[in-house]
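In what follows, a single structure is set out as structure tokens and then discussed.
The values are calculated or read from the model by the stated rules, or taken from the named source; none is laboratory data. Since the model is a prediction, treat every value here as computed from it, not as a measurement. Cβ coordinates were reconstructed from backbone atoms using ideal geometry, including for glycine residues, and neighbour counts include every protein chain displayed. Note: areas computed on protein heavy atoms with side chains; ligands, DNA, RNA excluded. Shrake-Rupley method; radii C 1.70, N 1.55, O 1.52, S 1.80 Å.
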Amino acid sequence: MACHATALLQHPPPPPPPPASLPSTACTSSSRRRASPWGGAGRLIRLHLRGHCPSPASARAARVVSPRCSSYGAAADAGESPAEALRRVLESPGAHQAPACYDALSARLVGRAGFKVCFTSGFSISAARLGLPDVGLISYGEMIDQGRLITEAASIPVIGDADNGYGNCMNVKRTVKGFIKAGFAGIILEDQVSPKACGHTQGRKVVSREEAIMHIKAAVDARKESGSDIVIVARTDSRQALSLDEALWRVRAFADAGADVLFIDALASREEMKAFCAVSPGVPKMANMLEGGGKTPILSPAELEETGYKIIAYPLSLIGVSMRAMEDALIAIKGGRIPPPSSLPSFEEIKDTLGFNSYYEEEKRYVVTPAQSSSYRSGYYDNTSEASSPGDAKSRTETPQEPVIDILPQLYDLGSTGGRGPSAGMWSRTLRLRITGRDGVQKIDARIPAGFLEGMTKVIPGLAGANIMERLRNAPIDSENPQNGQILLDFEDAMGDRIQVFIE
């Protein structure tokens, strides 16, 4: 239900002290108890006649800050960008395995398993997001949107699959800049024509040599213009489309154009893989171990390292086992059973994987105690009161009663009926709002014109078994004794605060 009856205090409190600095949501790249909203000294008093409702702005402000700059493993340097983290991995010894993720959860799992790097698979994202084959149907916008969620959840650098750049050289530049902003550490660009498809499927076609090279040059320019150091992985599909010789020629040209990592997809033998690794020796090579029947031989990490590879991609493992696990689970459920314990993590394990426990621990840092709440209220009134003598200050300290606040000026003259019909006298009444916390501390004592409720009662016809409009209509108006103290409302809200409204 929407929040109602927001009123400005006559004397707004001084601005709060500046908050502690928060981690940035963007990466700086190198060159190469739940607190009641009734309490405290907020600038606004929000009268929620049906519980407490957060505003849309508050909900937006509660979004989680992206960890992509600060969570790249325990060994990551402070402030290290995604690209810097990836380059550090590339410079370290050995061949590094990189399972393909396709959503935020799979990216989180890859990092938890101890891998140093992962990449996104267009094949898997198309399958998981669209339920469609990898034949060029997924768009740049969809890949960026999915990628942003992945990089925010990942604790390791992520190389993004950008297909063929989604158009000409200008599209390639836009794609590179978009992937940088999305938090990717690297980007894979291929030379297929549109619509592109999985490199291990039939009918692959590639653009000309010249256009393929220009695409890599455009990517390098986009990187420079962005002040980023994103790792550019140049891929060619010309081995299946044309020949091995053409593929070797192209990756050599890609290296000369500024590519950081080279990748020939769908190599057909160990010999072809060795020939590829012999090209441009100083540039890292990427191997694609397509699980379940691709064109490239499946070799062990040790064998691939010996051949000359630096990064080893496993594009289908996670999406493949997920599909099989879901199918098996659905068969079990349809048969009146649940998946066996061996294939289903416990609820506690699921919560731990998703970060429930760490969330609860962090949440404790922001619990507001009764002592803090009292301190905030005391500070507010101390700062908004006029200058007074020490004796006055002592008197205020010894008096537990908080001052009555006139929230809004009188809207209508008492007894005025001009043009307002039978409800005029009713709306001219003054209401006194008193809110007492469950700890017995009075939070608010304020006067509100009854006319302030007009319109609101159209949304909330009754509360705690009482119809506000009817109560106001039947309340006697005594001009000689306007402060008759009749109770209009008296109830406890969901947070345990006692809310009372009197007619004066």
Inter-site label distance for LEU354 and SER269 at 7 Å from Cα along Cβ, in nm
5.1 nm
SER346 - accessible surface, heavy atoms, 1.4 Å probe, Å² rounded to 10
50 Å²
Could you compute the FRET efficiency for ARG112 and MET214, with r as their C-beta to C-beta distance and R0 at 35 Å, rounded to 0.05?
0.30
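Starting from the Cα gyration tensor of segment 82-325, take the square roots of the eigenvalues, sort them a ≥ b ≥ c, and report rounded, prolate or oblate (rounded when a/c is under 1.5, otherwise prolate if a/b is larger than b/c, else oblate). Please report the intermediate quantities before stating the final value.
Values: a/c = 1.18, a/b = 1.07, b/c = 1.10.
Taking the square roots of the gyration eigenvalues as a ≥ b ≥ c, segment 82-325 is rounded.
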Relative contact order as a percentage, segment 229-306, C-alpha pairs under 8 Å and 6+ apart, gives 27 percent
Which distance in nm do the two modelled labels at GLU492 and ASP445 give, with both placed 7 Å along the Cα-to-Cβ direction?
2.2 nm
I want the local charge near GLY94. Using Cβ-Cβ distances under 10 Å, sum +1 for each Lys or Arg and -1 for each Asp or Glu among the other residues.
+1
Pull out the extension gain between GLU291 and MET326, defined as 0.36 nm times the separation in residues minus the alpha carbon to alpha carbon distance; nm, one decimal.
10.7 nm
Contour excess over end-to-end distance, with Cα ends at ASP145 and GLU306 and 0.36 nm allotted per residue:
54.2 nm
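How much area per residue is accessible in segment 82-325 when the probe is 1.4 Å and only protein heavy atoms are counted (Å²)?
Working: 9430 Å² over 244 residues.
On a per-residue basis, 39 Å².
Hey, which of these cross-link pairs are over 22 Å Cα-Cα: LYS205/LYS295; LYS274/LYS295; LYS116/LYS217; LYS181/LYS224; LYS274/LYS310; LYS116/LYS310?
Numbers: LYS205/LYS295 16 Å; LYS274/LYS295 15 Å; LYS116/LYS217 28 Å; LYS181/LYS224 14 Å; LYS274/LYS310 13 Å; LYS116/LYS310 12 Å.
From the list (LYS205/LYS295; LYS274/LYS295; LYS116/LYS217; LYS181/LYS224; LYS274/LYS310; LYS116/LYS310), the Cα-Cα distance tops 22 Å for LYS116/LYS217.
Compute the length gained on full extension between SER342 and ASN171: take 0.36 nm times their separation in residues and subtract their Cα-Cα distance, giving the result in nm to one decimal. Can you show the working numbers first?
Values: separation 171, 0.36 × 171 = 61.56 nm, distance 4.71 nm.
Fully extending the segment from SER342 to ASN171 adds 56.8 nm.
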Summing +1 for each Lys or Arg and -1 for each Asp or Glu, what net charge is found among the other residues whose Cβ lies under 11 Å from the Cβ of PRO297?
-1
